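See below for the structure under consideration.
The values are calculated or read from the model by the stated rules, or taken from the named source; none is laboratory data. Owing to the predicted nature of the structure, the values given are computational and were not obtained by experimental measurement. Protein only, heavy atoms only, side chains kept; ligands, DNA and RNA dropped before computing areas. Shrake-Rupley method; radii C 1.70, N 1.55, O 1.52, S 1.80 Å.
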Amino acid sequence: MSSVSPDKRRKMESALNQLKKHTVVVADTGDFNAIEEYKPQDATTNPSLILAAAKMPAYQHLVDQAIKYGIAIGGTEDEQVANTMDKLFVSFGLEILKKVPGRVSTEVDARLSFDKEEMVAKALRIIALYEEAGIGKERVLIKLSSTWEGIQAGRELEEKHGVHCNMTLLFSFAQAVACAEAKVTLISPFVGRILDWYKESTGRKSYEPQEDPGVLSVTQIFNYYKKFGYSTVVMGASFRNTGQVKALAGCDLLTISPSLLAELSQDHSTVTEMLKVEKAKASDLEKIHLDEKDYRWQHNEDQMATEKLSDGIRKFAADAIKLETMIKEKMLNVKNGK
C-alpha cells in the first residue's frame with residue numbers, strides 16, 4: 001500500500017479544498033450549477049446576480065412562476081411587481097438551499113437603504129415567504145445595506161424577530177464597529193471594491209495581497225471582532241483575484257464567485273491560515289463605541305467608504321429597476337395571453 005507524505009498530499013490538494021479547512025466557503029452566485037460543482041457551505045445572492053440569472057433560459061420557469069404568483073395576489077401594478085420580485089428572490093433562494101447544507105443570503109431592495117421601518121417590513125415579508133415554503137429562518141440571512149438605518153434595522157430584526165442578518169456594502173471600520181454593536185449575525189466587507197477605489201484614485205495598477213487595501217481592511221475588522229469577543233462574524237466578499245482570497249484564509253467565511261472558485265480548484269499552491277484568533281487577541285487595537293453622530297462622522301471621514309457605499313447602493317438599485325422592467329414586460333405578455 002503506497003503512503004503519500006503530508007507535503008505531497010497538500011501539493012495534490014487544490015487550494016479550494018485547503019481553504020475549506022480554515023474558512024467556510026460561500027458561493028457568490030445565483031447560478032445553481034456553479035453551486036453544485038464547487039460544493040460551498042452557503043450561498044449569497046444580490047439584485048445584480050439575480051438579474052443575470054433571471055436572463056438565463058434555464059431559470060425562466062422561476063420567473064414565470066413568480067409572475068403568476070404576483071398576478072394572483074392582485075393589487076396595483078406596482079404591488080404585483082413588488083410581490084413578484086419578492087417571490088423571485090425567494091424562489092432562487094429555495095433552489096439554492098437544495099444545493100447547499102447551510103444558509104442562503106437574500107437581499108432587501110437597496111432603494112430602502114435609508115428607511116429602517118421599510119427594511120424591517122420587507123425582511124419579515126421575505127422570511128414569511130420562506131416559511132410558507134417550509135424553510136425556517138435559521139437557514140436564511142437577510143442582506144441589508146450597511147447604512148446607519150440598515151444597521152438599526154438589523155439590530156431590530158435580530159433582537160425582536162430572531163431574524164439573522166448579513167450586512168452588505170460594508171467598506172469602513174465605522175460600519176464594522178456599528179454592526180458589531182448592533183449584534184448582527186454577519187458582515188460582508190467588500191474586498192475587491194475597496195481595491196478598485198484605491199487603484200482608481202492612486203493610479204497604481206496592482207497591489208500584492210499582503211498590502212492590498214481590501215485585505216488589510218478585512219484583517220483589521222477580523223482582529224477587532226476577535227480581540228473584543230463580538231458574536232458577529234466576518235465574511236469577506238467581492239474578490240478580484242485568488243491572491244486576495246488566499247490572503248484572508250482563516251476569516252470566518254469568504255463568499256467567492258464561480259470564476260474564482262474554478263481557479264482555486266485548479267490551483268495546487270499551499271494555502272496558509274493567515275487570520276488567527278490568537279494573533280487577533282494579541283493585536284494593539286483599542287475598543288471604541290459609536291453612537292449615530294460618531295458613526296456618521298467617522299464613516300464620512302473615510303472618502304473611499306463614503307463613495308463606495310453610495311455607488312454600491314445606486315448599482316444594486318439600478319439592477320433592481322432593470323429586473324422590475326423585465327418583470328413588467330413579461331407580466332404584460334401573460335395578461336395579454338402571449
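The table below gives the values:
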| read-out | value |
| --- | --- |
| Equivalent ellipsoid semi-axes - Cα gyration tensor, the range 192-306, angstrom | 25, 20, 12 |
| Along principal axes, Cα extents of the range 1-153, largest first, whole Å | 70, 38, 26 |
| When each of 99/137; 116/293; 39/322; 98/137; 143/281 is checked by Cα-Cα distance, pairs over 19 Å | 39/322; 143/281 |
| Share of alpha-carbon pairs per 10 Å distance bin for the range 97-175, given as whole % | 20, 53, 24, 3 |
| Residues with amide H under 5 Å from that of residue 256, placed H, sequence gap 5 or more | 26, 27, 28 |
| Diffusion constant of the range 242-330 at 4 °C, which comes from Stokes-Einstein with the Kirkwood Cα-pair radius and 1.567 mPa s, µm²/s | 74 µm²/s |
| Euclidean distance between Cα centres, the range 60-112 to the range 186-235, Å | 31 Å |
| In Å, descending, principal axis extents of the Cα set of the range 17-91 | 52, 22, 17 |
| For the chain, built as a Gaussian network whose Cα springs stay under 10 Å, the top-fluctuating residue of 143, 308, 160 | 160 |
| Proximal aspartates and glutamates relative to residue 205, as straight alpha-carbon distance under 13 Å, when same-chain residues fewer than 8 apart are discounted | 196 |
| Surface share of carbon and sulfur [accessible, 1.4 angstrom probe, percent] for the range 90-180 | 49 percent |
| With all protein chains modelled, accessible area of residue 269 [1.4 Å, Å²] | 50 Å² |
| Nearest-10 value in Å² for the accessible area of residue 307, using the 1.4 Å probe | 80 Å² |
| Shape category assigned to the chain from the gyration tensor of Cα positions, a/c cut at 1.5 | oblate |
| Solvent-accessible area per residue for the chain (1.4 angstrom probe, square angstrom) | 45 Å² |
| Residues of type lysines that residue 246 reaches as a straight line, Cα spacing below 16 Å, ignoring anything fewer than 8 places off in the same chain | 11, 20, 21, 276 |
